[in-house]
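Only one structure is covered here, and it is reproduced in the block below.
The values are calculated or read from the model by the stated rules, or taken from the named source; none is laboratory data. None of these values were measured; they are calculated from a predicted model. Don't worry about glycine lacking a Cβ; one is built from the backbone with ideal geometry, like all the others, and counts go over all protein chains shown. Each accessible area value is taken on the protein alone, full model and side chains, heavy atoms only, with ligands, DNA and RNA left out. Shrake-Rupley method; radii C 1.70, N 1.55, O 1.52, S 1.80 Å.
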Amino acid sequence: QVQLVESGGGLVQAGGSLRLSCLASGLTFSTYAMAWFRQAPGKEREFVAHITRRYTTSYSDSVKGRFTISRDNAKNTVYLQMNSLEPEDTAVYYCATGSSGIVVRATSWGYWGQGTQVTVSS
């Protein structure tokens, strides 16, 4: 079965950086689009970034220019490099795959990881 395991979260000061990783198994990774979403307490899960199997990327307006999504097909891993972090970036970050439909909608993705907590202090 498809499994996604996120890592790399933690506590960082505003202006700092973190790199999240998501290791995928149970699928032919190179043929799947991948995405990152996040969910803050009391809020809905929101789209962060997306990368297609052909390496095309898209970002939410709130992270564009600060975050970079990438993938390493040899390692079955997708990354999210997060720079210039702000307290508003505090959330649980989720990796997703198995898209069908509009990629910015969480309901379009069929497989999810367990999430990794990112906390940005001011």
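What to note about this one:
- Principal axes of the chain: Cα extent on each, largest first, Å: 40, 27, 25
- Förster-model FRET efficiency, 25 Å R0, VAL2 and GLN81, C-beta, rounded to 0.05: 0.55
- Taking Cβ atoms as reference points and 12 Å as the exclusive limit, the residues near ARG45 contribute a net charge of +1, counting Lys and Arg as +1 and Asp and Glu as -1.
- Whole-percent carbon and sulfur share, accessible surface of the chain, 1.4 Å: 47
- Probing with 1.4 Å while keeping every protein chain in the model, the per residue accessible area of the chain equals 51 Å².
- Global geometry of region 6-53, whether rounded, prolate or oblate, following the gyration tensor of its Cα atoms and the 1.5 cut on a/c: prolate
- Residue by residue, region 20-36 carries 3J(HN,Hα) couplings of 8, 10, 9, 8, 9, 9, x, 8, 7, 3, 5, 9, 10, 6, 10, 8, 10 Hz when phi is fed to the Karplus relation 6.51 cos²θ - 1.76 cosθ + 1.60 (θ = phi - 60°); x denotes Gly or Pro.
- Cut-off under 5 Å, modelled amide H: who pairs with LEU85 long-range: GLY15, GLY16
- Its Kirkwood hydrodynamic radius, worked out from the mean inverse distance over all distinct Cα pairs, puts region 29-77 at 11.7 Å.
- Contour excess over end-to-end distance, with Cα ends at ARG54 and LEU11 and 0.36 nm allotted per residue: 12.2 nm
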